[in-house]
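> Can you read through this structure? Questions will come right after.
The values are calculated or read from the model by the stated rules, or taken from the named source; none is laboratory data. A quick note: this is a predicted structure, and the numbers were derived from the prediction, not measured. Neighbour counts run over all protein chains shown; Cβ positions are idealised from the backbone, glycine included.
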């Protein structure tokens, strides 16, 4: 079997040959909202980008600088109800929060390790309705929850393995309105749901493959108000939606390429207030579509470091309903 290596932020996945509180939801109106914005973790350029729409209007970037503001490869991004931006800084094994895209009020939390208040390649990040943070601590094969960036309420769940309560490489995390937690377990090619951080209600969906009910390195996950799951099935170059953890209503869109309805290793996924789907992929762009028929397809970005350019964007979160 041939293998290929994919970069997600700073995270290497070996593949076979085959969001958050403000991430938006399926409910709402297609009317643009004041303050709506698209945030992307532009991992290869070591920055977070904010833009007002899919034309790049109002482009602004939070770049790495000297000292504590040096951000190498990030993976996850989230925005809270106060507009503060959170992201995982994988190389520094920490979480970062800033008050806004200028970088004001920077707070960093965590260091490398496997104990409490430590991370090893932190990846996806999400917020629940109480503002608590959930982090996919990928190389430690666990999910971490903290109340805030003081580390208060630290709770960790998971260990290395392929069985129940185990993960191969948890890549992303999402939380639904009921507080249930969804995880993409990339190296085990499955989606996991737990009721809470005790692991109660463990349910898994998927196995390695390219057909219905199978995944090849699922990476990003989002959940809408109806409880439907949206997954970037990365090594299969497609986006999948299921109605629930039984796999009912399986719908997939995508094939390998750089054109319309095509992806190269899609990673991040988010929904806006109108239920439109946003996806980042290795075509160095963000794609938006109305649904998984591919209707309303538009894309923005190309390879590079200048305005309007990205390098391996790994995550996306959407506030409101951008025009």
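A quick yes/no check of all residues on (1) assigned to a loop (DSSP other than H, G, I, E, B); (2) under 13 Å from the mean Cα position of the chain (by Cα):
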position: 173; (1), (2): no, yes
position: 187; (1), (2): no, no
position: 201; (1), (2): yes, no
position: 211; (1), (2): yes, no
position: 222; (1), (2): no, yes
position: 230; (1), (2): no, yes
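> Within the range 250-261, is even one residue surrounded by 24 or more Cβ atoms within 10 Å (Cβ to Cβ) and in a loop (DSSP other than H, G, I, E, B)?
The answer is no; no qualifying residue exists.
> Here is a follow-up. Would a scan of the range 212-219 turn up a residue that is surrounded by fewer than 18 Cβ atoms within 10 Å (Cβ to Cβ) and more than 23 Å from residue 115 (Cα to Cα)?
Checked the range 212-219: at least one residue is surrounded by fewer than 18 Cβ atoms within 10 Å (Cβ to Cβ) and more than 23 Å from residue 115 (Cα to Cα).
> Among the residues of the range 272-304, what is the count of those that are part of a loop (DSSP other than H, G, I, E, B) and either more than 19 Å from residue 226 (Cβ to Cβ) or in contact with a helix residue (DSSP H, G or I) (Cβ under 7 Å, 6 or more places away or on another chain) (or both)?
The total comes to 8.
> May I pose another question? Are there any pairs with C-beta distances below 6 angstrom linking a residue in the range 200-212 that is on the phi > 0 side of the Ramachandran plot to a residue that is at pLDDT 95 or above and outside any loop (DSSP other than H, G, I, E, B), with the two at least 6 apart or on different chains, and if so which?
201/194; 206/190; 206/191; 206/215
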